[in-house]
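S.K.: What follows is a structure written as structure tokens; I'll ask about it next.
The values are calculated or read from the model by the stated rules, or taken from the named source; none is laboratory data. Fair warning: this is a prediction, and the values are worked out from it, not measured in the lab. Virtual Cβ from ideal backbone geometry, glycine too; neighbours counted across all protein chains shown. Remember, those area values only see protein heavy atoms, side chains included, never the ligands or the DNA or RNA. Shrake-Rupley method; radii C 1.70, N 1.55, O 1.52, S 1.80 Å.
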Amino acid sequence: MRGRVWRYGDHVNTDLIIPGRYLDDYDPKNLAKHAMEDIDPGFAGKVAFGDIIVAGRNFGCGSSREQAPVALKGAGVGAVVAGSFARIFYRNAINIGLPVIECPEAHDLFKTGDVALINADKGIIVNETTGKSVRFEPMPEFLRDILKKGGLVQYTQEKMRRR
């Protein structure tokens with residue numbers, strides 16, 4: 001995964017990721033138009049396919065709305081790297097195939113606009129703008145397989161076809 005970085009602080013909650021006033025629409029493209037609107041009003045218009053969010057601790061805290069990772073994926077976000085994640089956001093992200101990487105050291109490594117290169121299998125994130133890198137503990141293989149298939153539904157469908 002390679003993309004331009006959008007850097008945020010600690011405790012980015014699900015209401016900041018997708019404000020509650022837009023939750024009556026489940027279309028990922030419509031949700032994407034309002035992604036990060038209350039924390040970064042220009043995000044949805046500027047984010048490019050494959051861009052990467054780097055945040056501090058407790059990303060995705062707040063309500064358990066599954067539209068939060070859907071909005072980010074719909075906007076084209078290629079991965080979210082954070083110091084830590086709220087557990088429900090983390091699970092929802094994997095379920096829909098949005099890579100989430102826990103790496104506390106990454107937040108200090110990047111500024112908005114830097115370019116990140118992530119090797120999720122080897123557990124390394126490189127800031128291609130500065131040349132610095134950090135390591136993280138890769139996810140278990142079965143979670144990486146779910147992400148590679150595009151989410152839990154696609155992963156399960158493929159497993160069932162093989163039987």
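S.K.: Of all residues in region 106-163, which are closer than 15 Å to GLY78 by Cβ and either in a helix (DSSP H, G or I) or hydrophobic (A, V, I, L, M, F, W, C) (or both)?
M.R.: ALA106, PHE110, VAL115, ALA116, LEU117, ILE118, ALA120, ILE125, VAL126, ARG144, LEU147, LYS148 - these are the residues of region 106-163 that are closer than 15 Å to GLY78 by Cβ and either in a helix (DSSP H, G or I) or hydrophobic (A, V, I, L, M, F, W, C) (or both).
S.K.: Is there a residue being on the phi < 0 side of the Ramachandran plot, touching a helix residue (DSSP H, G or I) at 6+ places or on another chain (Cβ under 6 Å), in contact (Cβ under 8 Å) with a residue 40 or more places away in the chain and open to solvent by less than 30 Å² (accessible area, probe 1.4 Å) anywhere in region 57-66?
M.R.: no
S.K.: From the set of residues in region 1-32 that are touching a residue at least 12 places away in the same chain (Cβ under 8 Å) and of a type in the set (Lys, Arg), which is surrounded by the fewest Cβ atoms within 10 Å (Cβ to Cβ)?
M.R.: Per the stated criteria, the residue is LYS29.
S.K.: Continuing with the same structure: Those residues that are surrounded by fewer than 16 Cβ atoms within 10 Å (Cβ to Cβ) and either farther than 10 Å from ALA75 by Cα or of a type in the set (Lys, Arg) (or both), I need them from region 34-49; list them, please.
M.R.: Answer for region 34-49, where residues must be surrounded by fewer than 16 Cβ atoms within 10 Å (Cβ to Cβ) and either farther than 10 Å from ALA75 by Cα or of a type in the set (Lys, Arg) (or both): ASP38, ILE39, PRO41, GLY42, LYS46.
S.K.: Next up: Could you check region 63-91 and list, in sequence order, the residues that are modelled with pLDDT of 95 or more and assigned to a loop (DSSP other than H, G, I, E, B)?
M.R.: Within region 63-91, GLY76, VAL77, GLY78, GLY83, SER84, ALA86 qualify.
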